[in-house]
């Protein structure tokens, strides 16, 4: 049986758990949160959609009970405070660093062989912090930024091309930050055709710029960090690991 734990039952964590359950990525999904009743309530709510949506995954919620996360194959860390409009991801380091480090240490007490997927902001820093403080091999601590940023890149490309995002191939490398990510525009394609043959240089530059500030744009609109795409990106990475998809 496969088991995934999601630490943090806020918007991002709950979305991630819901996508994992709906796609039946694992046999069991555990949500853990520090606020009493939140993860239990959201888990129950999700389980009441199982018959409606047709999934068999069991979703369990718990409050700070790391023993219930024991023997997890993959653990997704979403803990910490989200961004507010005008904030950079880096401004969250002081608060979220201690939270993420404590969570990771507690997780490994009960799941010493787990692979960690980090979503907490600033994601690059939290991933590196986990690597340096836990002493795990680097292939067991993974940030989900590449999956999220690439998905946003493909969305903006599809908007510019007037097509479905699933018809576009594109990748973003570099950091998960407004100035550090690198959308690989010259390698992006639409149905196998390079997009730089279909879009003007000016339009392609607009797509790249929109991708790089994609998170900040949503934070300004929503008043807090986005959650649907980040949660789904985390689930996407977990599915690749659990099913050895080599994505």
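FYI, it's all coordinate maths here, none of it is from the lab. As the structure is a prediction and not an experimental result, all values here were calculated from the model. Virtual Cβ from ideal backbone geometry, glycine too; neighbours counted across all protein chains shown.
Key figures for this structure:
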item: Extended-chain gain in nm, criterion 0.36 nm per residue less alpha-carbon gap, residue 65 and residue 34; result: 10.3 nm
item: Inter-part distance where the stretch 1-77 and the stretch 221-244 are each reduced to a Cα centre, Å; result: 14 Å
item: Helix-only mean residue ellipticity at 222 nm for the chain, each DSSP H run of n ≥ 4 adding -39500 (n - 2.57), per residue, nearest 500; result: -13500 deg cm²/dmol
item: Principal-axis tilt of helix 38-47 within the chain, Cα atoms, nearest 10 degrees; result: 70 degrees
item: Computed over the chain, Cα set: Rg, Dmax in Å; result: 18.1, 55
item: nm² value of the averaged projected area, convex hull over the Cα atoms of the stretch 146-222; result: 4.8 nm²
item: Relative contact order for the chain, counting Cα pairs under 8 Å that sit 6 or more residues apart, in percent; result: 20 percent
item: Between 0 and 90°, nearest 10: helix 201-212 axis offset from the chain longest Cα axis; result: 20 degrees
item: Residues 110, 236, 228, sorted so that the one with the fewest Cβ neighbours within 10 Å comes first; result: 228, 110, 236
item: Likely footprinting exposure, 176, 243, fewest C-beta neighbours within 10 Å first; result: 243, 176
item: Protection-proxy order for peptides 146-155, 32-41, each taking the mean of Cβ atoms within 10 Å per residue, highest first; result: 146-155, 32-41
item: At 1.567 mPa s and 4 °C, Stokes D of the stretch 81-180 from Kirkwood alpha-carbon radius, µm² per second; result: 86 µm²/s
item: With Cα atoms, 0 to 90° folded angle of helix 93-110 axis to the chain main axis; result: 50 degrees
